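*Asks:* Below is the structure I would like to discuss, written out as structure tokens.
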Amino acid sequence: MPTPPDGRARIDAALVRRLLAAQFPQWCDLPVTPVEPQGWDNRTFRLGRTMTVRLPTAAAYAPAVAKENSWLPRLAPSLPVAVPQILGHGVPGEEYPFPWSIRRWIPGDTADRAHIDDMPRFALSVARFIRAIQRCDPSGGPLAGQHSFYRGASPAHYDEQTRHCLAGLTEHIDTARATAVWEAALAAEWRGKPVWFHGDIAPGNLLVADGQLTAVIDFGCCGVGDPACDLTVAWTTFSGDSRQAFRQAVDQDKTTWARARGWALWKAALTLSRSLTTDPEQSITARQVIHNILVDHDHDQ
């Protein structure tokens with residue numbers, strides 16, 4: 001199985017069936033179908049009606065498998081909504097080079113506004129999840145670092161990349177105000193005790209049913225450290241009353257919000273830089289997120 005030029009493993013249903021036949025023959029006769037939309041870090045397939053198979057696409061994402069296998073069972077009892085339940089630990093094989101996992105299927109839709117009737121209530125439920133994971137015992141947990149793509153550490157890890165992006169966006173956003181947001185994030189040093197964070201609180205990782213948050217998935221970036229990275233949803237998903245409800249319920253201090261704006265700005269500036277000429281819809285979304293961040297920063301001054 002040759003590796004594509006971008007370094008990502010070729011993953012399809014045929015590979016999944018071969019892996020199952022070799023390592024989990026009790027399930028190899030079940031139908032295997034891709035889950036849409038597929039993620040970037042992992043490929044996911046339905047296995048029968050009650051399970052999924054999840055496979056990292058590249059070496060950078062492979063450490064998340066062991067992390068989730070180890071920590072999700074320990075975190076789950078303390079969290080207010082469902083999280084992935086690991087049913088099988090796959091190993092490299094059939095020319096696929098990474099560990100992989102089998103999980104129980106969690107029904108629900110991703111957190112698109114079309115699936116949510118009451119956004120402020122939904123915002124409160126997301127805040128409750130964040131507060132709950134922060135209360136989990138951090139003893140022995142994986143400290144923020146490369147495995148979490150430095151979520152949970154200082155946003156300063158992405159200083160050079162962020163400034164490079166902003167330098168190329170002078171004709172598209174107010175880069176002076178954006179730079180002020182970024183420098184405020186770097187100055188707001190984190191001095192708290194390490195707590196658990198999810199690392200990627202985004203609509204695609206929040207599942208809803210009947211308008212309610214029912215599950216949080218994809219803990220590949222989770223770890224123990226600074227929780228500011230989990231607040232970016234305030235600008236990517238919420239607005240108006242729902243953002244206010246989230247801010248009040250999640251109950252974080254001013255310096256944490258400053259770092260959170262930095263995390264959100266880094267990702268939005270990077271996304272905008274990459275999508276300007278390739279993806280107009282994604283570009284519009286990234287501009288809106290940056291606008292939200294700048295307005296929020298101005299209000300906090």
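What follows is calculated from the coordinates using simple rules that are stated; it is not laboratory data. Everything numeric here is computed off the predicted structure, so don't read it as measured data. Don't worry about glycine lacking a Cβ; one is built from the backbone with ideal geometry, like all the others, and counts go over all protein chains shown.
*Asks:* Can you give the relative contact order of the range 109-300 as a percent, counting alpha carbon pairs under 8 Å and 6+ residues apart?
*Replies:* Across the range 109-300, relative contact order equals 30 percent.
*Asks:* Does the range 109-300 classify as rounded, prolate or oblate by the C-alpha gyration tensor (a ≥ b ≥ c root eigenvalues; a/c under 1.5 gives rounded; else a/b over b/c gives prolate, otherwise oblate)?
*Replies:* Oblate is the answer for the range 109-300, as a/c is 1.5 or above yet b/c matches or exceeds a/b.
*Asks:* Just the number, please: percent antiparallel of the DSSP beta bridges in the range 109-300, rounded to the nearest 5.
*Replies:* Beta bridges within the range 109-300, antiparallel portion: roughly 90 percent.
*Asks:* If you take the charge dipole of the chain about its Cα centre, with +1 on Lys and Arg Cβ and -1 on Asp and Glu Cβ, which of Pro92, Thr232, Asn205 is farthest toward its positive end?
*Replies:* Pro92
*Asks:* Sticking with this one: Applying 1/(1 + (r/R0)^6) with R0 = 45 Å to the Cβ-Cβ distance of His299 and Trp40, what FRET efficiency is obtained, to the nearest 0.05?
*Replies:* Using R0 = 45 Å, I get an efficiency of 0.85.
*Asks:* Nothing charged except the Cβ atoms of Lys and Arg (+1) and of Asp and Glu (-1): what's the magnitude of the dipole of the chain about its Cα centre? Round to the nearest 20 debye.
*Replies:* Its charge dipole is roughly 700 debye.
*Asks:* Follow-up question, since we're still on this one. Assuming 0.692 mPa s and 37 °C, estimate D for the range 13-104 with Stokes-Einstein, Rh taken as the Kirkwood radius over Cα pairs, in µm²/s.
*Replies:* The estimated diffusion coefficient comes to 242 µm²/s.
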